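The values are calculated or read from the model by the stated rules, or taken from the named source; none is laboratory data. All of these numbers come straight from a predicted model, not from anything done at the bench. Cβ placement follows ideal geometry from the backbone for every residue including glycine, while neighbour counts extend to all protein chains displayed. Side chains are part of the model used for accessible areas, which takes the heavy atoms of the whole protein and leaves out ligands, DNA and RNA. Shrake-Rupley method; radii C 1.70, N 1.55, O 1.52, S 1.80 Å.
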Amino acid sequence: MIENKIIKKIILDNRILSQQGIKGAIIQAKKENQNLLDYLFSRKIISEKIFYQYLANFYNVGFINLTNTFIKKDLLFLIPEPIAITHKIVCFGKDDKNKKIKIATLDPFDLQIFEFIKKKTGYDTIIFLTTPSSIKNVLKLYHKSLKANFEEIINPDKERRIAEMAQQLPIVRIVNSLLEYAIFENASDIHIEPLEKQTEVRYRIDGILKPVMNLPKSNHRAIVARIKILAHLKIDEHRLPQDGRFKIESPKYKVAFRVSIIPTFNGEKIVLRLLNEGAKVLSLEQLGLQKGAYEVIKRNIKKPHGMILVTGPTGSGKTTTLYTILNILNKPGVNISTIEDPVEYRIEHVNQSQINPKIGYTFAVGLRAFLRQDPDIIMVGEIRDKETAEIAVHAAMTGHLVLSTLHTNDAVTAVPRLVNLGVPAFLLASTLNIVIAQRLVRKICTNCIVSYNLDKDQIKELEKQLDFSSIMEVLSREKAIMSKNEPIEELLFYKGKGCKHCNFTGYKGRIGIYEVFENTEEMQNLIMKNASKNKLEKQAIKQGMMKTIEDGFIKAKNGITSIEEVMRVTEE
């Protein structure tokens, strides 16, 4: 959408209307419920072509009118259909000698997509502005091409036809571009969801699901079949859920895709989880731990036996934290075994195994087998049941260091959760080392960060939900503010305005907020007495444990994340 101030400048600079005339046009456009540009075009005050020529001069880029232009298929498909349609962008020229391609677009500042095209094609891009109507006509060529391919395939055998369509070039291109663009956007998941009249594609980026494109419903079954072929699943099975996986490798990336397909009313829905196998394991410092929490973890991972647990909801980064700790412990003198669901990252010299419930290979079965393999350190993907919990605790008691995850909302709740799973309190007291609870918050984009003060209404709303005095005390203790008595309305906080670099979300990347519960001697006594969660939490805070929301506020005060983001993830 072109801003009104730019439209006004172009109209005035080129003497299309006077200052009075443009004011009148704005008023009239509002009355007729039109945006200013549509009003100017509909009243023939300026033609679309001339306006976009002036706009190209204003932006200092070339102009191309693609109306009635024929573009060869090989040029057209240099930019995959979903990307072209979503971003209103087409390739219309190519110079093989100088490795350059000509791109027509409505947004010459869509830098991310130009970079994606450059990486995909290996060619530098020369950007031209064009008109909405001409780009609309060129985009129709994609549909004509797809339609022609579908018509060639039609035959009485429906299932064979779908399988053949899945191997056809247009469908292969659509699926490849969905996957490649997700990798480029650093998405963690792809949702391909059949609706009544179309197929919606959404990416989860920085923990938030974002619609990226819509595809014709007529393509859906062929897209599903193509992904089933990649994941070695049954093409003719449409009534039952299916799970599989496949990999994509290039010189630039190595990504594994976990595939889940379920039948829905409108067709089969696909969710793909992206696992970047080329990603480097983070260090403890890079996780974003506060100094006190960092020291507690560092001290406890040096212990030769006991249990280290990481808790939090799905998608809170628990596995990343476990792999970070494993990477530190991974030395030539130790034998490390893991049982996971699934193996997300490969670590050299670590024996990694994946559960398979279909054949009875569960966490408990794998854990029991590992204990016969002379391990020093064992990682169990998740403690879900009584059997796994009991074996893990006994392993920790008999001289092994056990790492695992648990689904609880905070660190302290891990104790009553394990007791409820049947672990005797006296065993838990003597084997538990630490519990790390965490959430992931989006980081403010550094390219569009701005500071602000909370207004009275915002403060009132926050005070309803939070104990501000304890938060101010923690902020003061951690030297995020000068004094706990500072007026809240005078504190500076931060947010992202939104820019091209962050796709106008105001956020780019994620970081953890944590609470680290340490099982000290005082805590062991409370656990053995079956103390309530409140008593355990009181003791943990007395020992210096910072709660996730307090860690979040420190990061918000330091300009790493926003208050809104901290509230969003801690309320969930």
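Each label point was placed 7 Å from the Cα along the Cα-to-Cβ direction; for ILE229 and SER260 their separation is 2.6 nm.
Relative to the current alpha-carbon distance between VAL419 and GLU571, full extension at 0.36 nm per residue lengthens the span by 52.2 nm. Between the helical axis of 158-167 and the longest alpha-carbon principal axis of the chain there is an angle of about 90 degrees. Candidate values (1) 27.6; (2) 24.3; (3) 26.8 were compared with Kirkwood radius over Cα pairs in Å computed on the shown model; the agreeing label is (1).
Rounded to the nearest percent, how much of the accessible area of the stretch 1-153 (1.4 Å probe, protein heavy atoms only) is carbon and sulfur? After summing per-atom areas, the C and S share lands at 50 percent. Once the Cα atoms are used to define both axes, helix 220-230 deviates from the longest principal axis of the chain by about 50 degrees.
Calculate, for GLU463 and LYS535, the FRET efficiency according to 1/(1 + (r/R0)^6) with r their C-beta to C-beta distance and R0 41 Å; round to the nearest 0.05. Efficiency at R0 = 41 Å is approximately 0.95. The mean accessible area for residues of the chain, using a 1.4 Å probe and ignoring ligands and nucleic acids, is 50 Å² per residue.
By the Cβ-Cβ criterion of under 4.7 Å, the unpaired cysteines of the chain are CYS91. If R0 is taken as 51 Å, the Cβ-Cβ distance between LYS298 and LYS197 corresponds to a FRET efficiency of 0.40.
Ordered from largest to smallest accessible area (heavy atoms of protein chains, 1.4 Å probe), the residues PHE257, PHE92 come out as PHE92, PHE257. Provide the FRET efficiency to the nearest 0.05 for the HIS305-GLN373 pair, computing r from the beta carbons and using R0 = 22 Å. Rounded to the nearest 0.05, the efficiency is 0.85.
Where does each of SER283, SER42 land when they are ordered by accessible area, with a 1.4 Å probe and the largest first? Working shown, then result.
Numbers: SER283 40, SER42 65 Å².
Largest to smallest exposure gives the sequence SER42, SER283.
Annotation: THR69 carries an accessible surface of approximately 60 Å², with a 1.4 Å probe and no ligand, DNA or RNA atoms counted.
Among the lysines, which have Cα under 19 Å from the Cα of LYS217 when same-chain residues fewer than 8 positions away are ignored? Leaving aside lysines fewer than 8 places away in the same chain, those within reach of LYS217 are LYS140, LYS144, LYS147, LYS158, LYS197, LYS228, LYS269. Counting only protein heavy atoms and using a 1.4 Å probe, what share of the accessible area of the stretch 356-480 belongs to carbon plus sulfur, as a whole percent? Within the stretch 356-480, the accessible surface is 48 percent carbon and sulfur. Put simply, the amide H of GLU382, placed in the peptide plane, has neighbours under 5 Å in THR405, leaving out anything fewer than 5 places away on its chain.
For THR446, the accessible surface of its heavy atoms amounts to roughly 120 Å² (probe 1.4 Å, protein chains only, rounded to the nearest 10).
Listed here are the pairs LYS44/LYS94; LYS298/LYS464; LYS49/LYS118; LYS5/LYS500; LYS386/LYS538; LYS464/LYS555; which of them are more than 25 Å apart at the Cα? Exceeds cut-off: LYS44/LYS94; LYS298/LYS464; LYS49/LYS118; LYS386/LYS538. Relative contact order for the stretch 447-572: 28 percent, from Cα pairs under 8 Å spaced at least 6 residues apart, divided by residue count.
Tell me, in nm to one decimal, what length is gained between ASP385 and ASN330 on full extension, where the rule is 0.36 nm per residue of separation less the Cα-Cα distance? Walk me through the numbers before you get to the answer.
Numbers: separation 55, 0.36 × 55 = 19.80 nm, distance 2.76 nm.
Length difference between fully extended and current span is 17.0 nm.
Principal-axis analysis of the Cα atoms of the chain puts helix 4-13 at an angle of about 30° to the longest axis.
Could you point to the residue in MET545, ALA531, THR520 farthest towards the positive end of the stretch 476-561's charge dipole, with +1 and -1 charges on the Cβ of Lys/Arg and Asp/Glu respectively? Toward the positive end, the furthest listed residue is MET545.
For the chain, what's the relative contact order in percent, using C-alpha pairs closer than 8 Å and at least 6 residues apart?
Values: 935 pairs, mean separation 53.5, N = 572.
It rounds to 9 percent for the chain.
Rank CYS91, CYS499 by accessible area, highest first, at a 1.4 Å probe radius?
CYS499, CYS91
So if each residue of separation counts as 0.36 nm, and I subtract the Cα-Cα distance between LYS291 and LYS210, what length gain in nm does that give? Walk me through the numbers before you get to the answer.
Numbers: separation 81, 0.36 × 81 = 29.16 nm, distance 3.44 nm.
Taking 0.36 nm per residue and subtracting the Cα distance, the gain is 25.7 nm.
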